[in-house]
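Working notes for the structure below.
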Amino acid sequence: MLRGIESILIEHWAALFRYALALTGDREKARDLMQQTALNALTSRATAPQTGREQSWAFRVLRNAWIDQYRQERASPIVDVDIGAAQTPRYYDDRLLDDMAVREALQQLDVAHREVVMLVDIQGFRYAEAAEILHVPVGTVMSRLSRARLLLLEIIGGKVEVLEKARRRRS
């Protein structure tokens, strides 16, 4: 069984890391979350997931580890300063600007909306699979996703003017 869980983690590691990064908003925290996820999965007494449900099982383990970490952080808050945010590259191409706008907009969503966008739109889970991972009804996934997409459009829409001005200045 241990070998099966290792294989599942290895197979889905990149997708899990992207989800961890979206949840935490920080690469170091995402790495810590990935380590905790692997530890939880490998030391779990739970049986191996059913065939075809391995990916959603791995995402559920990660999400549960994130919830545990979130609860611990709330119990003892730690001030974390992101020094890298102050260092801005001098030159951007349009794709980088677009990517940055989407990432920034995604981080502005509340966790419930950000999670559902990550699972359905970015990771490609079906609504039912996302509902299983999040422990909510399928209808809740659908309504959260609809609202999240609208919020993203509103957030990004406000930034389009700024991006267009920056592009015109470079021309």
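The numbers here are math on the coordinates, done by the rules we state, and not lab data. Note that the coordinates shown come from a computational prediction; the quantities given were computed from them, not determined experimentally. Cβ coordinates were reconstructed from backbone atoms using ideal geometry, including for glycine residues, and neighbour counts include every protein chain displayed.
Listed values, structure above:
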quantity: Added length on full extension, which subtracts the Cα-Cα distance from 0.36 nm per residue, residue 35 to residue 153; calculated: 39.1 nm
quantity: Net dipole in debye of segment 24-71 [+1 Lys, Arg Cβ; -1 Asp, Glu Cβ; about Cα centre; nearest 20]; calculated: 120 debye
quantity: Local net charge near residue 13, Cβ-Cβ under 12 Å (Lys/Arg +1, Asp/Glu -1); calculated: 0
quantity: Karplus-derived HN-Hα couplings along segment 22-32 (A = 6.51, B = -1.76, C = 1.60, θ = phi - 60°), whole Hz, x at Gly and Pro; calculated: 5, 6, 8, x, 8, 4, 5, 5, 5, 5, 4
quantity: 5 angstrom amide H check on residue 109, placed H, neighbours 5+ away; calculated: none
quantity: Residue-by-residue Karplus 3J(HN,Hα) for segment 143-154, coefficients 6.51, -1.76, 1.60, Hz, glycine and proline x; calculated: 6, 5, 5, 4, 5, 4, 5, 5, 4, 4, 4, 5
quantity: Ascending count of other beta-carbon atoms within 10 Å, so fewest first, for 10, 133, 5, 122; calculated: 10, 122, 5, 133
quantity: Counted charge near residue 114, where neighbours are those whose Cβ lies closer than 15 Å (Asp, Glu -1; Lys, Arg +1); calculated: +1
